[in-house]
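Asker: Take a look at this one; I'll ask things after.
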Protein chains: 2
Amino acid sequence: MINKKSTEDLSTEEKIKEAARTVFMKKGYSATRTRDIAEEAGINLALLNYYFRSKEKLFEIVMMEKMQKLFGGLVGIVTDNDTTLEKKIELLTIYYIDMLTQNPDLPIFVLSELRNNGEHLIKSLPIGNVLQQSALFKQLQVNRPDINPLHFIINILGSTIFPFVAKPMIQAVGNLNPKDFETMMEERKKLIPRWIRSMLQTK
Amino acid sequence: MINKKSTEDLSTEEKIKEAARTVFMKKGYSATRTRDIAEEAGINLALLNYYFRSKEKLFEIVMMEKMQKLFGGLVGIVTDNDTTLEKKIELLTIYYIDMLTQNPDLPIFVLSELRNNGEHLIKSLPIGNVLQQSALFKQLQVNRPDINPLHFIINILGSTIFPFVAKPMIQAVGNLNPKDFETMMEERKKLIPRWIRSMLQTK
DNA sequence: AATATTTTAAATCAAATGATTAAATTATTT
DNA sequence: AAATAATTTAATCATTTGATTTAAAATATT
């Protein structure tokens, strides 16, 4: 029985999942062959079908994880009723830049697969309602009743996430080696909160 | 001879290219089958190989066009020695939001294919040197000698391009129908230049 | 030792896919 | 009109691909 796994030997199932993460992440769904995953995992091809039913099922698991990773961390920050608006912006900036420095390919993977596989995946994450009723949303509304709070959410996420989405372009345009790029992202941790603050004050 | 096409009957070759644009754009390189393109073009499959040598060759043509479309328009604006910094920011914002409203899938396509196919495509566009020596770059440097001008370039492009990259997420999070989304992008044409201006002034 | 579970190797399917060929059709030139 | 070149088609190839199965081997569990 698949589901009855004794405590230690998740290993094979987990090895396959880990390999799937790696390969899907690198090549995207369509360009990935199940044989690539099996090879990367160092297991027999049949085991992939033994543990997961199909390529698509395995992908959905990985995809859900990645979406969770990309958007899950934001929930705790934006719903906190005890932090100021400025503190939230600071925390969001640092959280995203740190997390994306560790996982630079995450946003382009999620966003591009989202375009293909479509909307049913988005709906499975209840992030819409969470954000709309969050403390951050209300604080933005109080601060700038004249502007849709979503604009500022886009700006915060855009200024942190976009550089990673456009990383190959930016490195080429700026003649940056990977180290330079990281340095710039580190600089942005301090700059972005200041920029957003001044945005909010601009009449 | 392929290249000797009399003035009018580009039609078949152009029909294939147009179909390739449509299908590649929608599904990306890997998920696209040559038969999809042939069907979309209403031509026989063999014609694709007759006019273009392979799927990959055809893709490269389309990809170059799309990169040109995404980044080509910026050159004229940023290299203009007769416009102020503020004017350039305003022109860039309007240009990108208008262009991307017409081609919303352009950025995610280019950026995600760029990740796979890699760097040799970027190098074929001389956009790096152009930008570094541009009037915009110098103006930013004069304005804020303490901050790498690239940061502001990222911010300008990020605040215009990112919403389109993250469009499915944003629409879901904000409960926006396509019309709402367009309206917000329209709002950003006025907001972004103000925001960037205040960014530049923030000490 | 007996039984159940997990893993492997190998073979096989059916469908999809990129590419090619040879012949037919259509246009162009002589 | 005949000859030549360009365009289009249908059929076919050889691989690839996702998936499944079978039978045996290895590893745990009872």
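The values are calculated or read from the model by the stated rules, or taken from the named source; none is laboratory data. Predicted model, so just to flag it, every value in this text is computed and none were measured. Using ideal geometry, Cβ is built from the backbone for each residue, glycine included, and neighbour counts are taken over all protein chains shown. Each accessible area value is taken on the protein alone, full model and side chains, heavy atoms only, with ligands, DNA and RNA left out. Shrake-Rupley method; radii C 1.70, N 1.55, O 1.52, S 1.80 Å.
Asker: Given the stretch A:23-64, report the % of alpha carbon pairs whose separation exceeds 11 Å. Write down the numbers at each step before the final one.
Answerer: On the way: 544 of 861 pairs.
For the stretch A:23-64, the share of Cα pairs beyond 11 Å comes to 63 percent.
Asker: Let me confirm one metric for peptide B:169-182, namely the mean number of other chain beta-carbon atoms within 10 Å of its residues' beta-carbons. Walk me through the numbers on the way to the answer.
Answerer: Values: counts 12, 5, 3, 9, 13, 9, 4, 2, 0, 0, 0, 2, 0, 0.
Across B:169-182, the average partner-chain Cβ count within 10 Å equals 4.
Asker: Points 7 angstrom from Cα along the Cβ direction at residue A:49 and residue B:187: gap in nanometres?
Answerer: Going by the 7 Å Cα→Cβ label model, 5.2 nm.
Asker: Considering all alpha-carbon pairs of chain B, what whole percent are spaced by more than 21 angstrom?
Answerer: Values: 12505 of 20503 pairs.
Tail of P(r) above 21 Å: 61 percent of Cα pairs.
Asker: Would you mind telling me which residue in B:37, B:16, B:147 has the biggest mean-square fluctuation in a Gaussian network model of chain B, where springs connect alpha carbons within a distance under 10 angstrom?
Answerer: Evaluated over chain B, the most mobile residue of the options is B:147.
Asker: If you don't mind, another one. Nm distances between the label at residue B:14 and the same-position labels in the remaining copies, 7 Å along Cα→Cβ, shortest first?
Answerer: For residue B:14, the inter-copy label distances come out at 6.0 nm.
Asker: Follow-up question, since we're still on this one. Note the distances from residue A:102 to each other copy's matching label point, with points 7 Å along the Cα-to-beta-carbon direction, in nm, sorted shortest first.
Answerer: 4.4
Asker: In chain B, which helices (entire DSSP H runs) extend 18 Å or more along their own long axis, judged by Cα positions, while averaging at least 0.0 on the Kyte-Doolittle scale? Show your work: numbers first, answer last.
Answerer: Numbers: long enough: B:11-31 (25 Å, -0.79); B:55-78 (35 Å, 0.56); B:85-102 (26 Å, 0.27); B:149-165 (23 Å, 1.55); B:178-201 (34 Å, -0.97).
Helices passing the filter in chain B: B:55-78, B:85-102, B:149-165.
Asker: Going from most exposed to least, what order do B:22, A:93 have by accessible area with a 1.4 Å probe?
Answerer: On the way: B:22 60, A:93 0 Å².
In descending accessible area the options line up as B:22, A:93.
Asker: Right, next: Considering only the other residues whose Cβ falls under 13 Å of the Cβ of residue A:143, what net charge follows from Lys and Arg at +1 and Asp and Glu at -1? Please list the in-between numbers first.
Answerer: Details: positive: A:88, A:138, A:144, A:197, A:203; negative: A:86, A:146.
Net of charged neighbours comes to +3.
Asker: What average number of partner chain Cβ atoms lie no more than 10 Å from the Cβ of the residues making up B:194-203? Mind dumping the intermediate values first?
Answerer: Working: counts 3, 9, 3, 2, 8, 10, 2, 2, 9, 2.
Going residue by residue through B:194-203 and averaging, the value is 5.
Asker: Tell me, what ³J(HN,Hα) does each residue in the stretch A:43-52 have, in order and in whole Hz, if you take phi through Karplus 6.51 cos²θ - 1.76 cosθ + 1.60 with θ = phi - 60° and put x for Gly and Pro?
Answerer: So the Karplus estimates, Gly and Pro as x, are 10, 6, 3, 4, 5, 5, 6, 6, 8, 10 Hz.
Asker: Here is a further query. Could you calculate the FRET efficiency of residue A:35 with residue A:117 from 1/(1 + (r/R0)^6), where r is the beta carbon distance between them and R0 is 22 Å, rounded to 0.05? Provide the component values of the computation, followed by the final result.
Answerer: Working: r = 22 Å, r/R0 = 0.98.
After rounding, the FRET efficiency stands at 0.55.
Asker: What number, rounded to the nearest 500 deg cm²/dmol, is the helix-based mean residue ellipticity at 222 nm of chain A, given -39500 (n - 2.57) per DSSP H run of at least four residues and division by all its residues? Please list the in-between numbers first.
Answerer: Numbers: 13 runs with 154 residues, N = 203.
Theoretical 222 nm ellipticity from helices: -23500 deg cm²/dmol.
Asker: Can I ask one more? Build a GNM of chain A with springs between Cα atoms under 10 Å: which of A:149, A:178, A:104 gets the top mean-square fluctuation?
Answerer: Judging by the Gaussian network model, the answer is A:178.
Asker: To the nearest 20 Debye, how big is the dipole of chain B about its Cα centre, given +1 on the beta carbon of each Lys and Arg and -1 on that of each Asp and Glu? Walk me through the numbers before you get to the answer.
Answerer: Numbers: 28 positive and 24 negative charges, 84 e Å.
Computed about the Cα centre, the dipole is about 400 debye.
Asker: Points 7 angstrom from Cα along the Cβ direction at residue B:177 and residue A:124: gap in nanometres?
Answerer: Calculated label separation equals 2.8 nm.
Asker: Determine how large the accessible area of residue B:197 is when every protein chain is in place; take a 1.4 Å probe and give Å² rounded to the nearest 10.
Answerer: Answer for residue B:197: close to 90 Å² accessible.
Asker: What do you get for Rg/Rh over the stretch A:27-140 if you use C-alpha atoms and the Kirkwood form of Rh?
Answerer: 1.08
Asker: Can you list the distances in nanometres, one decimal and ascending, from the residue B:68 label point to the identical position in each other copy, with the point 7 Å along Cα to Cβ?
Answerer: Spelled out, the distances from residue B:68's label point are 4.6 nm.
Asker: Further question: Using all C-alpha to C-alpha distances in the stretch B:84-203, build P(r) with 5 Å bins and read off the rounded percent in each one.
Answerer: 2, 10, 18, 20, 20, 15, 11, 5, 0
Asker: Counting partner chain Cβ atoms within 10 Å of every residue's Cβ in B:30-40, what's the average?
Answerer: Values: counts 6, 5, 1, 0, 0, 0, 0, 0, 0, 0, 0.
Mean inter-chain Cβ contacts per residue within 10 Å come to 1.
Asker: How long are the semi-axes of the equivalent ellipsoid of the protein assembly as shown, defined as square roots of 5 times the Cα gyration tensor eigenvalues? Whole Å, largest first. Working shown, then result.
Answerer: Working: eigenvalues 244, 200, 76 Å².
With the √(5λ) rule applied to the protein assembly as shown, the semi-axes are 35, 32, 19 Å.
Asker: Which residues of the stretch A:118-163 bury at least 40 Å² of accessible area once all protein chains are present, versus their chain alone (1.4 Å probe)?
Answerer: A:122, A:132, A:150, A:151, A:154, A:155, A:162
Asker: Can you give the accessible area of residue B:50, probe radius 1.4 Å, in Å² rounded to 10?
Answerer: Ignoring ligands and nucleic acids, residue B:50 comes out at about 140 Å².
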